[in-house]
Amino acid sequence: MTSAQILEANAMELDIFDHHLRICSIAKHAIPDVTHCLVKLAFLKQASCKFFSFTETCDDYTLVVDEQGFTELPQNDSMKIMGDVWVPLRMSSSAFTPSEAVGITKIARSLIIPLADAGISVYCLSTYQTDFVLVKEVDINRVIECLPCSVQVFRESSGEHVSVSSGGQAGASGDSMGVTGVNPSGALSPRSITHKFSALQNKLYIASINPDSLHLIALQLIENMFYSSSFGELDENQERFFSLSLVKGDVSIVLDSHSLSRFAPNTLFVSDESWRMVKIGDSTDDLGFDECGIVAQMSDPIADGHISEYYISTFYSDHMFIPESATEDVLQLLINRQKSCNQQVNT
């Protein structure tokens, strides 16, 4: 194959969607104040909200909604709102094969790491169908400029996806990404992991359902969203996690085995693989929205290991989902990366 044919075979497409999103945190005690509004946004067909994501953790409820949904939210002291407007990106590849790793691993080299190297903050939202990478609206032009030349960029406008000229960094390639610079000996330095992380014992599943059947499980979803305190105590080294995303008619649910048992058998399309959660940061180690490179730090060694990974950011922490069968391998990759970076710092 010629170099041009190789580039074409490995071409990636980036879609910039015409959604203007807001990210909010709702305090745990305040969920009754917004329950009616959230039920309306998520389940009523006449609701104008086209991008809705709700995630409960032990720290808070994180909500990501478009402008139409945001105007419906009650404003009070129990809700924190990220000031910036965010835009969702989605990357796809023409070179995909079923045997390859999926999720964030698939786009780490072509999107996540280039954005980190350009100093652009991201907020990740993996779903059953795809992986959305949110960036601040003010950074869109920088996003386009920093991507490799093999990435074709399309921007949604009035429902149409229009081709956009990219910066086209011809020198950027998968072989040269994932590093932060050069150490004194002249060798490339691996990307260091700067935040604490912990592997939890929850067994999680990624599920979906036909949007036309959403009303059939509305009661179970409402129970999981707003009444999880009635589920009883979790086992040691487990934390509450539930996520529901409704985007352009697609439904995605991330839930643990206990929550899954509340749905009738064969109601949901459930991933064959069970997943373990690695939590990065918490309410006492606020990751913030201006710091960049956190997703890249965690995803870089996982991509090196060719292991599938899903990733969901929240207001206070990030959550990486890895195949349960690969848990030990992933933890070893992360620990080895930490040790490698610490040794370089100390030399």
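Give the residues of the range 222-238 whose amide nitrogen is closer than 18 Å to a point set 7 Å from the Cα of residue 324 in the direction of its Cβ. Counting backbone N atoms under 18 Å from the label point, the list is 234-238. Given a Förster distance of 41 angstrom, what is the FRET efficiency for residue 160 paired with residue 331, based on the Cβ-Cβ distance and rounded to 0.05? Plugging the Cβ-Cβ distance into 1/(1 + (r/R0)^6) gives 0.35. Estimated at the nearest 10 Å², the accessible area of residue 61 is 10 Å² with a 1.4 Å probe.
The GluC sites (Glu not before Pro) found in the range 206-297 that occupy coil by DSSP, while having at most 16 further C-beta atoms within 10 Å, are 233, 236, 273, 291. Stretching residue 218 away from residue 306 to a fully extended chain increases their span by 28.0 nm, per 0.36 nm per residue minus the current alpha-carbon distance. Between residue 203 and residue 29, the simple label model (points 7 Å from Cα in the Cβ direction) yields a spacing of 3.6 nm. Our estimate of slack between residue 194 and residue 102, defined as 0.36 nm per intervening residue step minus the Cα-Cα distance, is 30.6 nm. Full extension of the chain segment joining residue 152 with residue 137 gains 3.5 nm, where the gain is 0.36 nm per residue of separation less the Cα-Cα distance.
Within straight-line reach of residue 106, meaning a Cα separation under 27 Å, sit the following lysines at least 8 residues removed in sequence or on another chain: 50, 136, 196, 203, 248, 279, 339.
The listed residues 339, 40 rank as 339, 40 when sorted by accessible area, largest first, using a 1.4 Å probe.
By the rule of a C-alpha distance below 16 Å, with chain neighbours fewer than 8 residues away ignored, the aspartates and glutamates paired with residue 40 are 66, 67, 72, 223. Label zone of residue 36 (point 7 Å out along Cα→Cβ, amide N under 20 Å): in the range 220-249 this covers 222-223, 225-227.
The values are calculated or read from the model by the stated rules, or taken from the named source; none is laboratory data. Bear in mind that the values here come from a model prediction, so they are computed numbers and not experimental data. With ideal geometry, Cβ positions are generated from the backbone for all residues, glycine too; neighbour counts draw on all protein chains shown. To get the accessible areas, we keep the full protein, side chains included, count just its heavy atoms, and leave off ligands, DNA and RNA. Shrake-Rupley method; radii C 1.70, N 1.55, O 1.52, S 1.80 Å.
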